[in-house]
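Everything below concerns the one structure shown next.
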Amino acid sequence: MKQKVTTLEAAEIMLKSGQFHTASSLGKALGIPAYKASGLLYNIRHADKYQTIETAKPNRQVKVIDIESRTKIANLWAMALGTNQQLNRNERHV
């Protein structure tokens, strides 16, 4: 079990998966307890640098669709082109 997972690490994993996550599913993916994953989801939902889609309570699910203007599609294009450069923050490829 990993001791410390940052909010950014959790958001990156969520963005790459492209799936909705609950505290339980995120906890399993990260190897941490659900109560810690719940805190990470809260941080992700409330920080300006992350864009999310959320379902309503109860059983809220969260999907990260953007981290500081880096979309999943942009990351896939960079990987396909063999570049590790981050996109300019003003560019969005969707």
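The values are calculated or read from the model by the stated rules, or taken from the named source; none is laboratory data. Because the structure is a prediction, the values reported are computed rather than measured. Quick reminder, even Gly has a Cβ in these numbers, built from the backbone with ideal geometry, and neighbours come from all protein chains shown.
So here's what we get for this one:
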{"item": "Residue match in region 42-53 (condition: over 30 Å from residue 77 (Cβ atoms) and exposed (fewer than 13 other Cβ atoms within 10 Å of the Cβ))", "result": "no"}
{"item": "Test: residue in region 48-57 that is within 26 Å of residue 69 (Cβ to Cβ) and part of a helix (DSSP H, G or I)", "result": "no"}
{"item": "The listed residue being at pLDDT 75 or above, part of a helix (DSSP H, G or I) and surrounded by 15 or more Cβ atoms within 10 Å (Cβ to Cβ), out of 80, 11", "result": "11"}
{"item": "Output for region 24-33, where each listed residue is part of a helix (DSSP H, G or I) and loosely packed, with under 15 Cβ neighbours inside 10 Å", "result": "24, 28"}
